[in-house]
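Colleague: Below are the structure tokens for one structure; questions will follow.
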Amino acid sequence: MSHEIELKLALGPEGPAALRGHPLLDGLVPRLTTLGNTYFDTPEGALETARMALRLRRADGRLLQTLKTRGQGGGGLSRRGEWEWEVPGPGLDLAGLAALPPMAGHGDALLARLVPRFATDFRRAAWRLEFGEARIELALDLGEIRAAGRTVAIRELELELEAGEPEALWDLAEALAESVPLRPADTSKAARGGALLAGTWPLPEG
């Protein structure tokens, strides 16, 4: 289990190109990865109601299972619990999932009813940046969310703190915003997928 501290930013249409040309990334070579993700829940969305997200991710020939819990924060900044481990596939590791603390009290009946609900596929370009006294990973995700025959674009930047103080994420975002069209975004890919599946957008406008 780890704690993920990140700042999520939505980009405007010109954002990706502006980001790649930003002076802070000059000379840095990104690591490129294609990520295919399937999110699971019960048909009525019990995990979503409990503010958890469960996914299987295909990346670099590996299959990773991840459970994330409710984030604390706002304005795009979140701190949340994350459990991730490699699984043999092709389906979920239900025994490993049942052993995690957030699943205590949910019971085998819930686990038996988990089904695929929506998918996200995107290309990630990731840079590691020393910014002041902090070390931050910048992950640019471009792709789409698919649910119930509907699609919506993914065009976002995640700033994840690897070392240092969380305030460094805001300082970096402000530096990028001088030339990159972006805004804080509180909505995760999982929450967007759930809204797309339901055909509703219950959150207030950003």
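Colleague: Would you be able to tell me the number of residues in the range 38-49 that are within 16 Å of Ser188 (Cα to Cα), open to solvent by 20 Å² or more (accessible area, probe 1.4 Å), touching a residue at least 24 places away in the same chain (Cβ under 8 Å) and not aromatic (Phe, Trp, Tyr)?
Modeller: So the answer is 2.
Colleague: A follow-up question, please. Tell me which residues, restricted to the range 160-174, are out of contact with any Pro (no Cβ under 9 Å at 6 or more places or on another chain), in contact (Cβ under 8 Å) with a residue 40 or more places away in the chain and open to solvent by less than 50 Å² (accessible area, probe 1.4 Å). Quick ask: steps written out before the conclusion?
Modeller: Going through the range 160-174, the residues out of contact with any Pro (no Cβ under 9 Å at 6 or more places or on another chain) turn out to be 160-172, 174.
Applying the additional criterion that residues be in contact (Cβ under 8 Å) with a residue 40 or more places away in the chain yields 160-161, 166, 169-172.
Matches in the range 160-174: Leu161, Pro166, Leu169, Leu172.
Colleague: Identify the single condition in (1) at pLDDT below 95; (2) in contact with a strand residue (DSSP E or B) (Cβ under 8 Å, 6 or more places away or on another chain); (3) not hydrophobic (A, V, I, L, M, F, W, C) that Asp26 does not satisfy, given that it satisfies every other one.
Modeller: Just one mismatch for Asp26, condition (2).
Colleague: I need the full set of residues from the range 119-159 which are open to solvent by 20 Å² or more (accessible area, probe 1.4 Å) and among the aromatic types (Phe, Trp, Tyr), in order please.
Modeller: Phe131
Colleague: Just one of the numbered conditions (1) buried (at least 19 other Cβ atoms within 10 Å of the Cβ); (2) farther than 23 Å from Gly194 by Cβ; (3) without any contact (Cβ under 8 Å) to a residue 60 or more places away in the chain is not true of Gly15; which one?
Modeller: That leaves (3) as the condition not met.
Colleague: Is it true that Leu161 is within 16 Å of the chain's Cα centre (by Cα), over 28 Å from Thr200 (Cα atoms) and of a type in the set (A, V, I, L, M)? Even if it seems obvious, please write down each step before you answer.
Modeller: On the way: within 16 Å of the chain's Cα centre (by Cα): yes; over 28 Å from Thr200 (Cα atoms): yes; of a type in the set (A, V, I, L, M): yes.
The answer is yes for Leu161.
Colleague: Regarding Leu111, is this residue over 21 Å from Val180 (Cα atoms), without any contact (Cβ under 8 Å) to a residue 24 or more places away in the chain and out of contact with any Cys (no Cβ under 7 Å at 6 or more places or on another chain)?
Modeller: Details: over 21 Å from Val180 (Cα atoms): yes; without any contact (Cβ under 8 Å) to a residue 24 or more places away in the chain: yes; out of contact with any Cys (no Cβ under 7 Å at 6 or more places or on another chain): yes.
The answer is yes for Leu111.
Colleague: Then there is this: Might you let me know whether the range 57-65 holds any residue that is farther than 17 Å from Ala190 by Cβ, of a type in the set (S, T, N, Q) and at pLDDT 95 or above?
Modeller: no
Colleague: For the range 19-37, name all the residues that are open to solvent by 30 Å² or more (accessible area, probe 1.4 Å) and either at positive phi or not basic (Lys, Arg) (or both). Full working, then the answer.
Modeller: Taking the range 19-37 as the starting set, the residues that turn out to be open to solvent by 30 Å² or more (accessible area, probe 1.4 Å) are 20-21, 23-24, 26-32, 34.
Once the filter is applied, which keeps residues that are open to solvent by 30 Å² or more (accessible area, probe 1.4 Å) and either at positive phi or not basic (Lys, Arg) (or both), the range 19-37 yields Gly21, Pro23, Leu24, Asp26, Gly27, Leu28, Val29, Pro30, Leu32, Thr34.
Colleague: Now for a separate question. Has the range 47-70 got at least one residue that is β-branched (Val, Ile, Thr) and in a helix (DSSP H, G or I)?
Modeller: As a first pass, look at the range 47-70 and keep what is β-branched (Val, Ile, Thr): 49, 66, 69.
Applying the additional criterion that residues be in a helix (DSSP H, G or I) yields 49.
The answer is yes, given that some residue of the range 47-70 is β-branched (Val, Ile, Thr) and in a helix (DSSP H, G or I).
Colleague: Same structure, new question: Please pick out the residue among Ala112, Ala98 that is open to solvent by 20 Å² or more (accessible area, probe 1.4 Å), among the aliphatic types (A, V, I, L, M) and more than 24 Å from Ser2 (Cα to Cα). Quick ask: steps written out before the conclusion?
Modeller: Details: Ala98 fails: more than 24 Å from Ser2 (Cα to Cα).
Checking each option against the conditions leaves just Ala112.
The values are calculated or read from the model by the stated rules, or taken from the named source; none is laboratory data. Note that the structure is predicted; figures quoted are calculated from it, not measured. No Cβ is skipped: glycine too gets one built from the backbone with ideal geometry, and neighbour counts run over all protein chains shown. Note: areas computed on protein heavy atoms with side chains; ligands, DNA, RNA excluded. Shrake-Rupley method; radii C 1.70, N 1.55, O 1.52, S 1.80 Å.
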